[in-house]
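K.L.:
Would you mind keeping the following structure in view while I ask a few things?
The values are calculated or read from the model by the stated rules, or taken from the named source; none is laboratory data. This structure is a prediction, so every number in the text was calculated from the model and none was measured. Glycine gets a Cβ as well: all are built from the backbone with ideal geometry, and neighbour counts include every protein chain shown.
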Amino acid sequence: MIARSFFFALFLASLFLGMPPAQAAEKSQRYPQSDPWLSTILGTPLDERAPYLQDIPTRLIDLEVFPDRQVPDAFWYNDRLRSSLAYQEGKAPLIFIIAGTGAGFNSDKMLSLRSIFYQAGFHVVSISSPTHANFVTAASESRAPGILRDDANDLYRVMQTLWAELKDEIEVSDFYLTGYSLGGTQAAFVSKLDDEQKTFNFSKVLMINPAVNLFTSVSLLDSMLEDNIPGGAAGVRRFLSRALDKFATVYSKGDFVKFDHEFLFNIYRGLPEAPTDANLKSLIGISFRISSSNMIFAADVMRDAGFVVPKGYVLGRNDPLDAYLKTLAYISFATYLDDFLLPAAQERDPALTRQALINGSSLRAISGYLDQSQKIGVMTNADDIILGTGDLDYLRQTFGNRATIFPHGGHCGNIDQRDFAAAMTRYFSQP
Amino acid sequence: MKPIMNRALLSSILIALAMLTGCATTAPVGEAKYRLSDFEKPGTDAELDISDPLEPLNKSLYRFNYYFDSYFFIPLVDAYQFVIPDYAEQRIASFFDNIADIRNTFNGALQLKPASTGTSLSRFAINSTVGVFGLWDPASTWGLQRQDEDFGQTLGHYGVDNGPYLVLPVFGPSNLRDTSGLLVDGWVFSRIDPLNFEKNDLDTSYYALYAITTRKREPFRYYKSGSPFEYEFIRLLYAAKRQLQVAK
């Protein structure tokens, strides 16, 4: 929730960079489906969204994944993994949903997906991303997320533990698995694992807007910040602060009632001119860096890795964290890979090279499995901004008629759009 | 006897303090691989910094609010929602909004904003009469939108800075300016005494119901984001939100 409001505030502010305040809210503009950056940020307008169900019978589950784990005092609130089950009356298929990078089990997109799949008649179990601080703290064995095989193992353990807790309460006819963004990529690895261990025997698996190669995608996101903000990472705070000032000026002139999703569109429609791509990319880049800062900080403290927190220092509950937060604004995912993830992985496997690590964190590492496994499908957009050169072709070739590619929507911008939602539901419903 | 008791008291306070602040670690503390000074001179870039000299105390209160929420406030709100029909809840919420229009009118006037003041005053007049003591809100349907004004904003309007960030028990994020505003608004309310608390003893029920209604409307839950920087993000968001409200 907070990440969302924060993100919105930043977004709204950045739209007004360099714009004469008096002109805002005069002309109106149509929602441009064709701009991937804008789709990624704005999402789907209300009148095109699938019907959203707010009140769903849901049980929140605080899961103790590792009973023996000592969580540092500073992370006392993250000692258990939070997840949820939305349950049907009577027997129904159960679908696990894995959140995207940095997202929790109840993020906006997770709530949309829960609503869509619940209305399709499924029990829905929502699981935070292995890159979410709560997951890193409570459910990651290595406490260094980013290696798809390890993350899949962690997810599978969580699913098994959840199922042990839930199996006496609900009747399940079938197991499905899905995930969006990085969660989509992870779903494929979890599916492969399940084919070996056979706890669930998933009959259908759907990857939604997956990354093909994790490091290609995160590099794209890293560079959105570094290439578009004046001064790169050093300019982030100045960029946001200026944007906020400008936005306050504009906001004071307009007649806006409350901050909600529609407010974004109202602001957008009232803009005198379209925001520049550079501003939109900056915003997506900043949002990603906030996610990765949360993740890296959690991993650093959990491993006592001495990355941004001095090694051996015991973080107290009331310690100021500003300096760490500011430092992490400079740390790209690539830096995390080189100076944190690789050394952590080499502790177990000294022969592991950087290139092998990168290659392993790609769908291409399990191409043979994806090629043959008829139960795995993919749904994405041709203009998804986290796909690198050749990635879309790879998905088309590997999945053939199991791939559904929408022309527009950016990265998950149309995840709750009516047609997209219908296609997701259809994928699981058809025999 | 007395000095001994004092000494016992003193040592138990010291022990309690040591427990609160966390005992010093004996393990040697090394260096971090990346420090802020590797990227910028500390203190050179103060953009988005928010004054928080009482941070340790604020963080303790932030935690207190979490426990207060978990064990008392939220269960109370849930029970209220369970017992009271939605329709009645809406009437009650609308009633409090109407009372708040007194504050909105008063602060709009202090800021010399004729449009905002006029709107709030008309809203109060219409909703108190046509809306039956504010139980309904016909003014909004007639296009008179709520104008949120409070004394914290009034101070901000005349250039008073935020002052240090404060986490208030139960109320949550605030700062010195807005806390002063809260006190002034409360004082003005008690002077005007629109519900005649002077002559009846409904004030306790009024404040209890007001607290429940206010908490019910706020979806925020402490620590549920799971972000290690939640406190810092909330601190920034609060300042940003107030900056927008003051500018309006």
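K.L.:
Among the listed residues B:LEU182, B:LEU135, B:LEU209, B:LEU144, which satisfies the condition of being farther than 30 Å from A:ASP322 by Cα and assigned to a helix (DSSP H, G or I)?
P.N.:
Only one candidate qualifies: B:LEU209.
K.L.:
With closer than 24 Å to B:GLU149 by Cβ and facing chain A (nearest Cβ under 7 Å) as the only criterion, which of B:LEU236, B:LEU195, B:LEU244, B:LEU209 stands out?
P.N.:
B:LEU244
K.L.:
So if I check each of B:ASP78, B:ASP69, B:ASP38, which one is farther than 17 Å from A:TYR324 by Cβ, free of Cβ contacts under 8 Å to residues at least 60 places away in the same chain and among the charged types (D, E, K, R)?
P.N.:
Going through B:ASP78, B:ASP69, B:ASP38 in turn, just one is farther than 17 Å from A:TYR324 by Cβ, free of Cβ contacts under 8 Å to residues at least 60 places away in the same chain and among the charged types (D, E, K, R): B:ASP78.
K.L.:
Taking the condition of being within 17 Å of B:SER37 (Cβ to Cβ) and in a helix (DSSP H, G or I), how many residues in segment A:299-337 meet it?
P.N.:
Number satisfying all stated conditions: 8.
K.L.:
Could I ask something else about it? Of all residues in segment B:151-164, how many are out of contact with any Ser or Thr (no Cβ under 6 Å at 6 or more places or on another chain), outside any helix (DSSP H, G or I) and surrounded by fewer than 21 Cβ atoms within 10 Å (Cβ to Cβ)?
P.N.:
5
K.L.:
Next question. Can you name the residue in segment A:291-320 that is in contact (Cβ under 8 Å) with a residue 12 or more places away in the chain and surrounded by fewer than 21 Cβ atoms within 10 Å (Cβ to Cβ) and, of all such residues, is farthest from the other protein chains (Cβ to nearest Cβ)?
P.N.:
Out of the qualifying residues, it is A:ARG303.
K.L.:
Still on this structure: Confirm whether A:LEU283 is touching a Ser or Thr at 6+ places or on another chain (Cβ under 7 Å), surrounded by 20 or more Cβ atoms within 10 Å (Cβ to Cβ) and at the interface with chain B (Cβ under 9 Å from one of its Cβ atoms).
P.N.:
Answer is no for this residue.
K.L.:
Further question: Quick one: would you say B:GLY186 is without any contact (Cβ under 8 Å) to a residue 60 or more places away in the chain and either closer than 22 Å to B:GLN147 by Cα or more than 14 Å from every other protein chain (Cβ to nearest Cβ) (or both)?
P.N.:
yes
K.L.:
Looking only at segment B:177-188, decide whether some residue is basic (Lys, Arg) and surrounded by fewer than 19 Cβ atoms within 10 Å (Cβ to Cβ).
P.N.:
no
K.L.:
Every residue in segment A:102-115 that is more than 14 Å from chain B (Cβ to nearest Cβ) and either surrounded by fewer than 23 Cβ atoms within 10 Å (Cβ to Cβ) or at pLDDT below 95 (or both), please.
P.N.:
Within segment A:102-115, A:LYS109, A:SER112, A:SER115 meet the criteria.
K.L.:
Look at segment A:65-83 and say how many of its residues are surrounded by fewer than 16 Cβ atoms within 10 Å (Cβ to Cβ) and without any contact (Cβ under 8 Å) to a residue 60 or more places away in the chain.
P.N.:
Qualifying residue count, segment A:65-83: 3.
K.L.:
Okay, moving on. Test B:GLY143 against the criterion of being among the small types (Gly, Ala, Ser), modelled with pLDDT under 95, surrounded by 18 or more Cβ atoms within 10 Å (Cβ to Cβ) and out of contact with any Gly (no Cβ under 9 Å at 6 or more places or on another chain), and give yes or no.
P.N.:
Answer is no for this residue.
K.L.:
Another question about this same structure. Give the residue that is nearest to A:SER126 (Cα to Cα), with candidates limited to residues of segment A:52-110 that are part of a helix (DSSP H, G or I) and touching a strand residue (DSSP E or B) at 6+ places or on another chain (Cβ under 7 Å).
P.N.:
Across segment A:52-110, the extreme among qualifying residues is A:MET110.
K.L.:
If you don't mind, another one. For segment A:13-21, indicate whether the set of residues that are at pLDDT 85 or above, crowded, with 18+ Cβ neighbours inside 10 Å, closer than 24 Å to A:LEU221 by Cα and within 23 Å of the chain's Cα centre (by Cα) is non-empty.
P.N.:
Within segment A:13-21, none of the residues are at pLDDT 85 or above, crowded, with 18+ Cβ neighbours inside 10 Å, closer than 24 Å to A:LEU221 by Cα and within 23 Å of the chain's Cα centre (by Cα).
K.L.:
Could you check how many residues of segment A:325-350 are within 8 Å of chain B (Cβ to nearest Cβ) and aromatic (Phe, Trp, Tyr)?
P.N.:
Looking only at that region, the number is 1.
K.L.:
Which one of these does A:TYR394 not meet: (1) surrounded by fewer than 18 Cβ atoms within 10 Å (Cβ to Cβ); (2) over 19 Å from the mean Cα position of the chain (by Cα)?
P.N.:
All conditions are met except number (1).
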